[in-house]
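Accompanying notes for the structure given below.
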Amino acid sequence: MKKVYIIILLITGTITTMHAQKKWTLKECVDYALENNIAIKQAQLDKESSEIDKKEAIGGFLPTLNASTSHSWNIGLNTNVTTGVLQNQTTQNTSAGLSMNVTLFDGLQNVNRLHRANLTLLANQYQLDDMKDNTSLQVVQSFLQILFNKESLKVLRLQIEVTKKELKRTQELVDEGVLAQGEISEIEANIATQEQQIVNAENTLRISKISLAQLLLITDYDTFDIEEGNYAIPKTTIMNNSPKQIFEKSLEVRNDVKISETNIEIAEYDLKLARGQRYPTLTGFYSFNTRANNLDIFAGTIPNSEMPFREIGFVEGTGESVLGPNLVTLTKKSDPLFDQFRANKGNSFGLQLNIPIFTGFRISNGIKRSKIAIERAKYNLDQTKNNLEATVNQAYNDAKGALKAYEAAEKTLTARRIAHDYSTARFNEGVMNSFDFSQSKQRLEAAESDVIRTKYDYIFRLKILEFYFGLPLTELN
């Protein structure tokens with residue numbers, strides 16, 4: 001038993017370690033977010049609901065069939081339907097029926113309702129796809145932010161190592177009498193500042209990881225991490241297109257445009273449905289009914305053997321009694337239940353025509369509202385296109401600006417490195433003091449950070465343009 005326990009602990013530890021060592025790729029992050037995002041799940045439910053609405057619209061073409069049955073007890077003083085005499089008795093009655101209705105014509109409302117259901121299903125699919133696209137873009141942005149923070153932290157750690165080496169070199173120059181003792185204090189202050197920057201960078205990195213983990217609905221923040229890589233500027237031809245070309249392409253692929261276009265069609269079918277209420281409705285119906293009870297059945301009459309005759313009146317004037325036959329009613333027990341059902345069955349069928357004449361302006365007002373809804377949907381489409389065009393142009397300009405900023409940052413870094421090399425040589429020779437050397441080094445560090453920032457900003461701006469051009473977002477290179 002002890003060995004089994006140890007084995008279980010080892011397996012559990014191995015699984016935990018593997019989970020802790022997992023590095024999430026961008027594709028894994030996007031796929032996981034699309035599978036677990038709550039908003040996407042809700043959109044999926046909306047789509048499933050519209051599928052039910054479509055089935056309901058199809059059902060409008062089919063006849064309705066209903067069955068009914070009842071059984072009742074009557075206790076107390078009731079008229080005997082056989083003898084016509086009031087008497088205390090308990091009677092039971094059973095009835096059953098089957099009815100069917102089918103709409104033969106309703107102003108094409110069933111047809112239009114089915115078309116509308118198909119469009120609603122399509123609109124919900126576009127809504128689901130649009131939500132997936134936006135979620136993917138959020139994941140890409142969070143993923144790139146983590147990469148930026150990681151590289152920034154690496155640069156800071158390399159910089160502090162260089163500064164510590166400079167401190168050691170300065171101490172040697174001080175010992176040799178080349179530099180004064182006060183030069184060491186300036187470098188030590190720089191090391192303290194860099195250590196603080198590293199702490200802040202570590203916190204920023206952790207926060208960015210938590211943000212992505214929350215987007216993926218992952219709560220294990222301590223072990224969550226992404227796969228690192230040497231992500232260069234991606235090779236893309238997206239910038240070869242003009243903003244107008246990108247906008248025209250986005251009109252074909254963007255789901256928010258498709259949603260607005262579909263909403264116009266839905267509104268048009270709502271108008272057809274509203275107008276269809278003006279037409280008569282023709283319905284066919286059929287019903288089957290039968291019944292049974294437990295009352296005795298009338299079987300005939302016979303003379304009363306004890307008193308064959310009974311007084312039924314008097315002769316006017318003489319007062320002489322008038323006698324008539326005294327008959328006794330004969331009954332027998334009711335037939336079996338199903339025999340009564342067969343004997344008492346009946347059928348009815350026919351057509352019913354309903355013609356709307358006056359409905360308190362309900363139909364006419366419904367038509368007017370539908371026309372307004374169509375105009376509103378058209379305006380929404382125009383607004384969506386205008387917003388998209390403005391967004392594409394802004395994204396294009398942002399990408400161009402990000403590229404220029406990245407190229408300028410690289411040129412600045414090259415110049416800062418040359419200047420810093422020159423300052424390092426002068427500092428080692430004792431010609432430059434530690435303060436001026438520190439200023440040169442800080443300018444180099446700022447240039448290195450600026451290259452990282454502009455690089456990932458440019459990558460993200462390119463991904464946004466590709467997003468509007470309909471290209472996949474799961475690859476960075």
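Among all residues of region 335-349, there is at least one that is modelled with pLDDT under 75 and more than 23 Å from M100 (Cα to Cα). Scan region 111-122 and give yes if some residue there is in contact with a helix residue (DSSP H, G or I) (Cβ under 6 Å, 6 or more places away or on another chain), closer than 27 Å to Y32 by Cα and assigned to a helix (DSSP H, G or I), otherwise no. Yes; the residues of region 111-122 include at least one that is in contact with a helix residue (DSSP H, G or I) (Cβ under 6 Å, 6 or more places away or on another chain), closer than 27 Å to Y32 by Cα and assigned to a helix (DSSP H, G or I). For I226, are the conditions met, namely being under 25 Å from K22 (Cα atoms), crowded, with 16+ Cβ neighbours inside 10 Å and in the same structural domain as Y406 (by TED's automatic domain parsing)? When the stated conditions are applied, I226 passes them.
Tell me yes or no: at least one residue of region 382-392 is within 30 Å of G229 (Cβ to Cβ), modelled with pLDDT of 90 or more and in the same structural domain as I226 (by TED's automatic domain parsing). The answer is yes; a qualifying residue exists. Might you let me know whether region 244-252 holds any residue that is touching a helix residue (DSSP H, G or I) at 6+ places or on another chain (Cβ under 8 Å), within 30 Å of F349 (Cα to Cα) and charged (D, E, K, R)? There is no residue in region 244-252 that is touching a helix residue (DSSP H, G or I) at 6+ places or on another chain (Cβ under 8 Å), within 30 Å of F349 (Cα to Cα) and charged (D, E, K, R). For the condition over 27 Å from the mean Cα position of the chain (by Cα) and either assigned to a helix (DSSP H, G or I) or not assigned by TED's automatic domain parsing to the domain that holds D256 (or both), F437 qualifies. Residues of region 129-139 that are buried (at least 21 other Cβ atoms within 10 Å of the Cβ) and of a type outside the set (S, T, N, Q): V139 alone.
The single condition among (1) surrounded by fewer than 16 Cβ atoms within 10 Å (Cβ to Cβ); (2) under 30 Å from E35 (Cα atoms) that L215 does not satisfy is (1). Within the set V199, V174, the sole residue that is among the hydrophobic types (A, V, I, L, M, F, W, C) and either exposed (fewer than 14 other Cβ atoms within 10 Å of the Cβ) or under 21 Å from K27 (Cα atoms) (or both) turns out to be V199. Within region 149-161, the presence of at least one residue that is of a type in the set (D, E, K, R), closer than 16 Å to K441 by Cα and assigned by TED's automatic domain parsing to the domain that holds I459 is confirmed. Screening N66 with (1) surrounded by 11 or more Cβ atoms within 10 Å (Cβ to Cβ); (2) at pLDDT 90 or above gives one miss only, at (1). Pairs under 9 Å by beta carbon, first residue touching a residue at least 40 places away in the same chain (Cβ under 8 Å) in region 137-149, partner charged (D, E, K, R) and not in a helix (DSSP H, G or I), six or more apart or different chains? Short answer, once both residue conditions are applied: I146/D225; L147/E228.
The values are calculated or read from the model by the stated rules, or taken from the named source; none is laboratory data. Remember, predicted model here, so these are calculated numbers, not experimental data. Quick reminder, even Gly has a Cβ in these numbers, built from the backbone with ideal geometry, and neighbours come from all protein chains shown.
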